[in-house]
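Undergrad: The structure under discussion is supplied below as C-alpha cells; questions concerning it will follow.
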Amino acid sequence: GQQVMQIPQYQHVQEGEDFTTYCNSSTTLSNIQWYKQRPGGHPVFLIQLVKSGEVKKQKRLTFQFGEAKKNSSLHITATQTTDVGTYFCAGPGGSNYKLTFGKGTLLTVNP
Amino acid sequence: NAGVTQTPKFRILKIGQSMTLQCAQDMNHNYMYWYRQDPGMGLKLIYYSVGAGITDKGEVPNGYNVSRSTTEDFPLRLELAAPSQTSVYFCASSYPDRNYGYTFGSGTRLTVV
C-alpha cells in the first residue's frame, strides 16, 4: 500500500534558526496535507496543497508540493518556542477522504 | 460549536475487559475516522465511515469494532482488551470538500494492564 515517509524524525534547533521537514510518498498524490501536534495535544490541520509545484505561505511557514506530486516540504523561518511540536504530512491513501500519515518530525526549540 | 468531542480522556483497562470510546461531532461532517497513535509511529487508521450506516476497515482494525447510527456519533468498541491496544486514540471528522482537512478530537489515552 501507499507509504508516506518523513525526515528527519527529530530536529532540535536554537530559537531563531530555520527548520525544514521533508515528506516523500511512494505514489503520486492528488493532494498533500500538513498538520501540527503540540506536545500532549491533538493534530491540527495547517494546510493542503493540490497543484504540482505549488508553494503556499503562512507567516513564517512555507509549504511546497513537488513537481511530480510525490514529495513536499515544510520550512519554518526563524523558529520560535511556539513552533515546538510534531509536524505530520498526510496524503490520500486509496481514496481522497482517507489519509495516510507520515510518522512526523518532532521539532524542539531551545530558547 | 464544540467540534469533535471524545470521551473519556483517560482510561485504564485490565486485560480482557471491554470498553467503548465515544466520539461526537457537531459540524455535520459526513466522514469520520478513528486513528491510534503510538510513540514515534505516526497515526494509524483503525476504521472510518463515509456516512450513517456505512463503515469500513482501515489499516489496523483487528480487536476493534465501530458503528455509525447517526451522522454525529462514531463510537469505537474494544473487545477483550490486550496490552497491544495501549495507545492514544484520536477521532477525526471531515467534510467532502478536501480543502478543510481533518478536525481531530482531543484524544483518549488508554492503558491496558
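Each reported figure results from applying straightforward, stated rules to the coordinates on display, with no laboratory input. As the structure is a prediction and not an experimental result, all values here were calculated from the model. Methodologically, a virtual Cβ is constructed for each residue, glycine included, from the backbone with ideal geometry; neighbour enumeration extends over all protein chains shown.
Undergrad: Report the residue, chosen from A:GLN58, A:GLN37, A:GLN80, that carries the largest GNM mean-square fluctuation when chain A is represented by alpha-carbon nodes joined by springs under 10 Å.
TA: A:GLN58
Undergrad: In addition: Between B:THR5 and A:GLN9, how high is the FRET efficiency from 1/(1 + (r/R0)^6) when r is the Cβ-Cβ distance and R₀ = 41 Å? Nearest 0.05.
TA: It comes out at approximately 0.85.
Undergrad: If r is the Cβ-Cβ distance from B:TYR95 to B:SER67 and R0 is 22 Å, what FRET efficiency results, to the nearest 0.05?
TA: Working: r = 21 Å, r/R0 = 0.97.
That pair, B:TYR95 with B:SER67, gives E of 0.55.
Undergrad: Treating each Cα of region B:4-97 as an identical point scatterer and ignoring solvent, apply the Debye formula and state log10 I(q)/I(0) at q = 0.15, 0.19, 0.23, 0.24 Å⁻¹.
TA: Treating every Cα as an identical point scatterer, log10 I(q)/I(0) equals -0.54, -0.86, -1.23, -1.32.
Undergrad: Give me the mean projected area, in nm² to one decimal, of the convex hull enclosing the Cα positions of the protein assembly as shown.
TA: 12.0
Undergrad: Subtract the Cα-Cα distance of B:SER18 and B:LEU80 from 0.36 nm times their separation in residues, and report this length gain in nm to one decimal.
TA: On the way: separation 62, 0.36 × 62 = 22.32 nm, distance 0.54 nm.
Extra length from B:SER18 to B:LEU80 when fully extended: 21.8 nm.
Undergrad: Still on this structure: What whole-number distance in Å separates the alpha-carbon centres of region A:36-111 and region B:17-36?
TA: Cα centres, region A:36-111 to region B:17-36: 24 Å.
Undergrad: Hey, could you pull the Cα Rg and Dmax for region A:1-109, both in Å?
TA: Final numbers for Rg and Dmax: 13.1, 39 Å.
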